[in-house]
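None of the figures in this text is laboratory data; all of them are computed from the coordinates on show. All values derive from a computational prediction rather than experimental measurement. Counting neighbours? That spans all protein chains shown, and the Cβs are built from the backbone with ideal geometry, glycine included.
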Amino acid sequence: MEKQNSPTRSVERALDILECFLHKKEMILLEIAERTGLSSSTVLRILNALQEHDFIVKNPQTKKYHLGSKIGWLADMIPSESYDELKKISRPFMAALNEKWNEDIHLFVPDGNSKLCIESVDSTRELRQVVKVGSRHDLLRGAAGKVILSYMDAEDRKKVLDGLAFDEAIFEKVRERGFALSLGEREEGLCGLAVPVIDKNGKLMATISMSGATARFENNLAEKEAEIVRVGKEISARWQNR
C-alpha cells in the first residue's frame, strides 16, 4: 500500500495544485488548499518547491500565485504533428482575413477545460490582442471560448461552468448564427468574433477567431461577421473532404 508521504504522492499533489490553474489564473494559498483538499502547510511546501523551478510565481503585493515561465516553455515543446493538417488547411484563410482587416486571427482547439492556441496571424496595429501559440486560456471569456462551450455536450458544459449562471439560450444562439461575438469579455476595449470548424460527424474540431480594438472593430461589423462565417464553413468543408 502506498504511503501518504511517498514520492509518488508528492508528485500527485504537485500536479493537483498545477491543475487548479486550469480554472483560475491567480489564487491565494487558502484558495488552492480548498480546491485541492490539502492542508495549507502541505500546499505551501509544494508551492515553494514549484517556485524554485519557475513553475509557480507569487505576486508579493497581492500574495496570489500564478503559473511561471517554465510552464510556457514546456507548452511550446508539445509536439504539434496532430494539428499540422488542420493548421495547413486553416492558414491561408487566416492570412486572407488578416490581410483584409489587419486584425489578429487565431486558431484554437478545445483542450480540457481550456482553449489552446495552435496558430496565429498577428495584426501590425499597436493596439491588439496578444495570444501566443501554445498558450492556454479559459473558456469563460471571449468569443472562441463561447463557440467551444456551445458545441460541447450539455453535461460537459455544465461541469466546465461549475455552477456559474449561464443562459443556455446564449449557446443556442451561437449554434444558430454560426458565430460568437465578444465585446470586452476577455479584455476591456477589445472585441472578438469566432466561428466553429466542424468535422463530418458534426463535432467541433477548432474555432477561428478575429479580434481587435472595439473602437475600430465595430466598423463594418456585419461584413466581418459574414466573412468569418464563410471562412469557418470553407475550412470545415476542406477538413471534412481531406
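Short version: ³J(HN,Hα) in whole Hz for each residue of region 148-155, in order, from phi by Karplus 6.51 cos²θ - 1.76 cosθ + 1.60 (θ = phi - 60°), x for Gly and Pro, what are they?
3J(HN,Hα) across region 148-155, in whole Hz: 4, 4, 5, 9, 6, 4, 4, 5.
Could you work out [θ]222 nm for the chain from helices alone, using -39500 (n - 2.57) per DSSP H run of at least four and dividing by all its residues? Round to the nearest 500 deg cm²/dmol. Write out the running numbers ahead of the final one.
Values: 10 runs with 113 residues, N = 242.
Computed ellipticity for the chain at 222 nm equals -14000 deg cm²/dmol.
Within the set K63/K158; K25/K146; K88/K203; K64/K159; K24/K233, which residue pairs have Cα atoms separated by over 22 Å?
Working: K63/K158 31 Å; K25/K146 18 Å; K88/K203 19 Å; K64/K159 25 Å; K24/K233 33 Å.
Check vs 22 Å cut-off fails for K63/K158; K64/K159; K24/K233.
Here are some values of Cα Rg over 2.2 N^0.38 Å: [x] 1.06; [y] 1.27; [z] 1.11. Which one was computed from this structure?
Computing Cα Rg over 2.2 N^0.38 Å and matching it to [x] 1.06; [y] 1.27; [z] 1.11 gives [z].
Taking the Cβ of F171 as the center, what net charge do the other residues with Cβ under 13 Å away carry, scoring Lys and Arg +1 and Asp and Glu -1?
Once positives and negatives cancel, what remains is 0.
With a 10 Å cut-off between alpha carbons and a GNM built on the chain, which of M27, M205, M94 moves the most?
Residue with maximal mean-square fluctuation among M27, M205, M94: M27.
When the chain is treated as a GNM, springs tying every alpha-carbon pair under 10 Å, which of L15, L116, L181 comes out with the largest mean-square fluctuation?
Evaluated over the chain, the most mobile residue of the options is L15.
Where is the GNM fluctuation largest for the chain (alpha-carbon springs, 10 angstrom cutoff): S114, S123, S39?
S39
Calculate how steeply helix 40-52 sits against the longest principal axis of the alpha-carbon atoms of the chain, using the helix alpha-carbon long axis, and give the answer as 0 to 90 degrees to the nearest 10.
Tilt of helix 40-52: around 60 degrees.
Distance between Cα centroids, region 194-218 to region 14-59: provide it in whole Å.
33
Would you kindly calculate the translational diffusion coefficient of region 7-74, applying Stokes-Einstein with the Kirkwood radius from alpha carbon pairs, for 20 °C and a viscosity of 1.002 mPa s, and quote it in µm² s⁻¹ without decimals? Spell out each step's value before the answer.
On the way: Rh = 11.8 Å.
Roughly 181 µm²/s, to the nearest whole number.
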